[in-house]
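Encoded as structure tokens, the structure appears first; notes follow it.
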Amino acid sequence: MSRRRTLGTKKKLALLAGAAAVAGGGAFVAANASNAAQTAPGAQTRAAGDSTVCLGLATALGNNLRFIDGQRADPDAQSEARIANREAVVAEIERKQEASGCTAGESAPAPGSAASPQSPPASQPAQTSQPAQAGEQVCTGSTVTLSGEGGAPAASSNQFPLGTTLRVTNLDNDKSTTVTVDSVSGSCALLNDAAFEEVREDGKFLIRRALIEKVG
């Protein structure tokens, strides 16, 4: 007759305690893995809704790269300094892209895509056929993003001469800023970092519904 080996009471208790410890350890590891996934660097910045952040930064990068290309294609006495300045801006935008969980170096095409004609050389702002009057809405339909430049609130433009005063209103939050055009760019109206901070929505680098008016 075969004999079955049975465990004593103490051994049973020891094994049960060990099993409980292993199960608890597994739950602890699973919980930690779950928490780590939720708090991993960049996890929140890549959440839904960040496409607006990435698009705004890509648009800003594209504007600056086109400006640099324009300066290189039709240089003047100040082109070298302008290019150096914008290259520093490009590096800063790429840093913001990486910090926001976006693809660093990704740039957006100009509005109207490849079919649109190239903007006039940035060193010679384009003149409209009928210059805008004070208080008149300009740049109709344009989105607004940042140029990436530092300094006091200001704007840059390829349509308005230096010294032109523009009022930019974000229609999504009714915030406005009044700025002076102090440099040229490859877009109708770009705000520098300080001016953009005055009107943007939290966490966004693109204003889709903007009212741009010529003032004074």
Arg167 neighbourhood, Cβ < 10 Å, K/R = +1, D/E = -1, net charge 0
Less than 19 Å from a label point 7 Å out along the Cα-to-Cβ axis of Arg209: which backbone N atoms in region 52-66 qualify, by residue?
52-53, 56
Give the Debye-formula value of log10 I(q)/I(0) at each listed q (0.20, 0.29 Å⁻¹), with one equal scatterer per alpha carbon of region 176-216, two decimals each.
-0.68, -1.37
Given Cα pairs under 8 Å that are at least 6 residues apart, what percent is the relative contact order of region 152-216?
45 percent
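At a 10 angstrom cut-off on C-beta neighbours, averaged per residue, how do the peptides 201-212, 57-68, 143-154, 98-109 rank from highest to lowest?
Working: 201-212: 17.3, 57-68: 24.0, 143-154: 20.4, 98-109: 15.7.
Sorting 201-212, 57-68, 143-154, 98-109 by mean packing, highest first, produces 57-68, 143-154, 201-212, 98-109.
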Rounded to one decimal in nm, the spacing of the 7 Å Cα→Cβ label points at Thr103 and Gln137 is 3.4 nm
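Multiply the residue separation of Ala194 and Asp76 by 0.36 nm, subtract the distance between their alpha-carbon atoms, and state the gained length in nm to one decimal. Before the final figure, lay out the partial values.
Details: separation 118, 0.36 × 118 = 42.48 nm, distance 2.80 nm.
Full extension of this stretch gives 39.7 nm more.
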Net lengthening on full extension, Asp69/Arg95 (0.36 nm per residue, minus Cα-Cα)
7.3 nm
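Every number in this text was worked out from the coordinates using simple rules, so none of it is lab data. Computed from a predicted model, the values in this text were never measured in an experiment. Because the Cβ atoms are built from the backbone with ideal geometry, glycine has one as well, and the counts that use them run over all protein chains shown.
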